[in-house]
Amino acid sequence: MACPACEVQELNDSFAPADAGIDPQRLREALADADLRVLLMVLHQLTGDRRWISDPLLPRRDVRLIADESAGFDEATQRLIRDAAFELLSRGVPSPAIARPDDAKILEMMSACLGEAVDPAYAPMVREDMGVADGDAHWSAEPDPDLLQQSRVLIIGAGVSGLGLAMQLQRLGIAYQIIERNEDVGGTWLENRYPGAGVDTPNLFYSWSSQRNPHWTRYFSLRDEILGYLQGTATRVGLREHIRFGTEMRRADWDEQRLLWRVQLAPTGAAPDAVCETLEVRYLVSAIGHISEPNQTRIDGMQDFQGPMFHSARWPDRLELAGKRVAILGTGATAMQLAPAIIEQVAQLTIYQRTAQWARPTPELRREVSPAARWLFANVPFYAQWYRFTLFWRYGDGLLRFLRKDSQWPHPERSLNRVNDKHREQMTEHIRTVLASRPDLVDKCVPDYPPYGKRILLDNGWYDMLLRNDVELVTEPVSRFDADGAVTADGQHRAHDVVVLATGFSIAKLSARLDIRGLGGRTLAEAWADDNPRAYLGITVPDFPNLFILYGPNTNLGHGGSAIFHAECQVRYITRSIVQAIEHRVQALDVKRAVHDAWIAKVDEEHAQLIWTHPGMSTWYRNQHGRVVSTSPFRLVDYWRMTHEADLDNYRQLTVQEGADTG
Ligand code: NAP
């Protein structure tokens, strides 16, 4: 059985330097690049000396995406902090005076580190994320091996969420299997391989808290490095032998007598009438992702186009772009990464824009993590944890309160409130400055809806690129394609050799894309009226016992944060539920409708106050009836708290022996 304290220690040990001796020369060089607000926390934790978290050594508040490492200190103070760290660490890594800060201590340190008062609600969550406290599911007594075998879990999908759950099931000794339609792990990061694909949450935060990687080469990594991290983790943790690649779920039926799922599997792409293999499992987990099913874009004449035409998530092998006239349909997050990445190769780029997008100026987007900073992450105790925390804070909940509608605000059509209006001004100014020489482009690029209404984008050299002579931004809609190009509504024909459909994904069905049949044979698609997905905590659905959903309805993040953080919250909830069910010898959990409905009401009430119900723009966060089905209205810390404990009283509890409901 796992010992929580030992595991926390192991986690901390994994961040201790490889050997206790530190090369003074390397240390001196690395400290020159250190983030001083982070270094102060390291000094305080190692020495216990309050001086490092007290005036005048308090960093200046900095809300930029990647903060200034000097933390606002003058040269002499910077030298003082670096010298103190050098003195301390060059003698060998001391055993820390504060190895496990409690809630009060971590709160004090967080506030000192950021230069602002932090809500105490964050303290326990941050302690867990740092590995100081253990929030994972654990057995209260040695589990019965037979019960572990009988509690087999089938996970559909080997992306970030599915792998995250697998790691925890493996640690708990619960039997599991993953089926994956592709031939490797990685999910969205495997499928999206268009040039320029990358993350726009810094990786030191967009990574599993239990699988920290001090070696990221960029703050915002590109797809290959992220995929390498996922694939490497799957191998190192030993998940691959539990995965059946090239396999799809055809259908899953809940057996009401035996309280298990009967799941039909077939090779990916097999004919509809292919013979399926049937698996019986106690728990079924949908980990098929949120943004994984390309939109079916239908425009007249598409089939007549002679060149390659494909969705951005289906980038062809060996596609040659050099010297080609390329068209991109769409201006979302994908197009904004793709276009600047290919512009140097192509002869001509035409971008068809339906709606202008808000994008934040982000000079840090291409910044590399210096070797010195990587050395600090790998070698200086607590440095990586505190650095991750500063990113968590800047990418976390800060924005959400500014995405609330102010009923007194006199300009609700253009912004929600005073701060949102300020953001509008700043981003508009950015567009006007970069495009100063082309007022025609300014008119096309400044959106008419409030910033953050659609998913916010990071300017990846997009506006600079629009100024080039070989780029054309077209706002007339495409009315049809023909053999060699596209015709817009004004009748103009443009010739293209390649057309990329960066037209987004079909979101609204989520897990109801799978043929899952719960009580009475009712499908999930029926329960969700096709495009109105609802689940308690985004995870469980009434009448679908023992079905758990990862990255389900209302768990996508619109205001900030990392999807991996949210996945870890869901994984904790699911594993705690399964552990409790096994320990209480309950075979099936079915969320009570009242509990589910109350949670959904809370989600909808919150959203009514938030930007994503603003009528001024379309967004994939909403379904066709205007309900926000994708995005969470809650702070990260609130969702962490809601999912932290699994209260089985919220479930009808069923046992096979009696077939009885004990709930
Ligand atoms: P998206 O944000 O949904 O954008 C699709 C674009 O295609 C929009 O500009 C849309 O216009 C346009 N469009 C759709 N159908 C069209 C049609 N029939 N004719 C003309 N234009 C059409 O899709 P995405 O860019 O692939 O991004 C999807 C999501 O994936 C993102 O929001 C993000 O969550 C994730 N993503 C993340 C990253 C990252 O983190 N780095 C990168 C890529 C994607 P309208 O705006 O008018 O609908």
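List of remarks:
- A simple rule links phi to the HN-Hα coupling: the Karplus curve 6.51 cos²θ - 1.76 cosθ + 1.60 with θ = phi - 60°, which for the range 605-615 gives 4, 4, 5, 4, 8, 10, 5, 6, 9, 5, x Hz, with x for Gly and Pro.
- If you take the Cα centroid of the range 340-403 and the Cα centroid of the range 514-578, the two points sit 29 Å apart.
- Cβ-based charge dipole, the range 471-594, positive-most Cα from 591, 560, 533: 591
- By average C-beta atoms within 10 angstrom, highest first, the peptides 228-237, 594-603: 228-237, 594-603
- Whole-angstrom gap from the range 69-139 to the range 442-491, using each part's C-alpha centre: 45
- Distance distribution P(r), the range 271-318, all Cα-Cα pairs, bin width 5 angstrom from 0: 4, 11, 13, 15, 16, 15, 12, 8, 5, 2 percent.
- Around the amide H of residue 629, modelled in the peptide plane, lie the amide H atoms of 622, 623, all under 5 Å away and 5 or more residues distant in sequence or on another chain.
- Spin-label model, residue 469/residue 401: points 7 Å from Cα along the beta carbon direction are separated by 5.2 nm.
- Estimated dipole of the range 166-290 in Debye, rounded to 20 [Cβ of Lys and Arg +1, of Asp and Glu -1, Cα centre]: 400
- 3J(HN,Hα) along the range 452-466: 6, x, 9, 4, 5, 10, 10, 5, 9, x, 4, 5, 4, 5, 5 Hz, from the Karplus curve 6.51 cos²θ - 1.76 cosθ + 1.60 with θ = phi - 60°, whole Hz, x for Gly and Pro.
- Computed 3J(HN,Hα) for the range 408-415, one whole-Hz value per residue from the Karplus formula 6.51 cos²θ - 1.76 cosθ + 1.60 where θ = phi - 60°, is 8, 5, x, 10, x, 6, 9, 7, glycine and proline marked x.
- Quarter the surface of the alpha carbon convex hull of the chain and you get the mean projected area, 31.2 square nanometres.
- Amide N of the range 141-170 lying under 15 Å from the label point, which is placed 7 angstrom from the Cα of residue 255 along Cα→Cβ: 150-154
- The charge dipole of the chain, taken about its Cα centre with unit charges on the Cβ atoms of Lys, Arg (+1), Asp and Glu (-1) only, comes to about 660 debye.
- Residue 529/residue 655 FRET efficiency (R0 35 Å; Cβ-Cβ; nearest 0.05): 0.65
- In a simple Cβ point-charge model (Lys, Arg +1; Asp, Glu -1; nothing else charged), the range 69-219 has a dipole of about 360 debye relative to its Cα centre.
- Using the Cβ-Cβ distance between residue 86 and residue 147 with R0 set to 45 Å, the FRET efficiency works out to roughly 0.25.
- Taking a sphere under 15 Å around the Cβ of residue 85 and counting the other residues whose Cβ falls inside, with K and R at +1 and D and E at -1, yields a net charge of -1.
- Distances between placed amide hydrogens fall under 5 Å for residue 250 paired with 264, 265, 266, all partners being 5 or more residues away or on another chain.
- Ordering 355, 283, 137 by the projection of their Cα atoms onto the charge dipole of the chain, which places +1 on the Cβ of Lys and Arg and -1 on the Cβ of Asp and Glu, puts 355 at the extreme positive end.
- Selection of trypsin sites (Lys or Arg not before Pro), the range 95-167, meeting DSSP coil and at most 14 other Cβ within 10 Å: none
- Here the range 51-110 was treated as a single set of alpha-carbon atoms; its pair distances binned every 5 Å from 0 give 4, 14, 19, 21, 23, 16, 3 percent.
- Inter-label distance, nm, simple model (7 Å from Cα along the C-beta direction), residue 277/residue 433: 5.8
- At R0 = 25 Å, FRET efficiency that the Cβ-Cβ distance of residue 104 and residue 60 yields, to 0.05: 0.55
- Positive-end residue of 615, 267, 112, charge dipole of the chain with Cβ unit charges: 615
- Peptide packing: for 297-303, 36-42, 463-469, the average count of neighbouring Cβ atoms within 10 Å per residue gives the ranking 36-42, 463-469, 297-303, highest mean first.
- Stretch gain in nm, segment residue 237-residue 262, where the contour uses 0.36 nm per residue and the Cα spacing is subtracted: 6.2 nm
- Summed side-chain charge close to residue 97 - residues other than residue 97 whose Cβ falls under 12 Å, Lys, Arg +1, Asp, Glu -1: +2
- With the biggest extent put first, the Cα atoms of the range 543-663 measure 55, 27, 18 Å across the principal axes.
- Helices in the chain, meaning DSSP H runs of at least 4 residues, each add -39500 (n - 2.57). Divided by all residues, the mean residue ellipticity at 222 nm is -9500 deg cm²/dmol.
- Whole-Å semi-axes of the ellipsoid equivalent to the range 307-394 (Cα gyration tensor, √5λ, descending): 36, 17, 12
- Remark: C-alpha extents of the range 79-213 on the principal axes read 56, 50, 35 Å, sorted largest to smallest.
- Each peptide in 507-516, 361-370 was scored by the mean count of other Cβ atoms within 10 Å over its residues; highest first, the order is 507-516, 361-370.
- A crude spin-label estimate for the pair residue 645 and residue 414, with each label 7 Å from Cα along the Cβ direction, gives 4.9 nm.
- Taking other residues whose beta carbon is less than 15 angstrom from the beta carbon of residue 243, and scoring Lys, Arg as +1 and Asp, Glu as -1, yields 0.
- DSSP bridge pairs, the chain: antiparallel proportion in percent, nearest 5: 50
- Amide H contacts of residue 260 (H built 1.01 Å from N, under 5 Å, at least 5 apart or other chain): 255
Throughout, read-outs are computed from the coordinates displayed, never taken from laboratory work. Values in this document were obtained by computation on a predicted structure and should not be read as measured data. In this analysis, Cβ positions are derived from the backbone assuming ideal geometry, glycine residues included, and neighbour counts consider all displayed protein chains.
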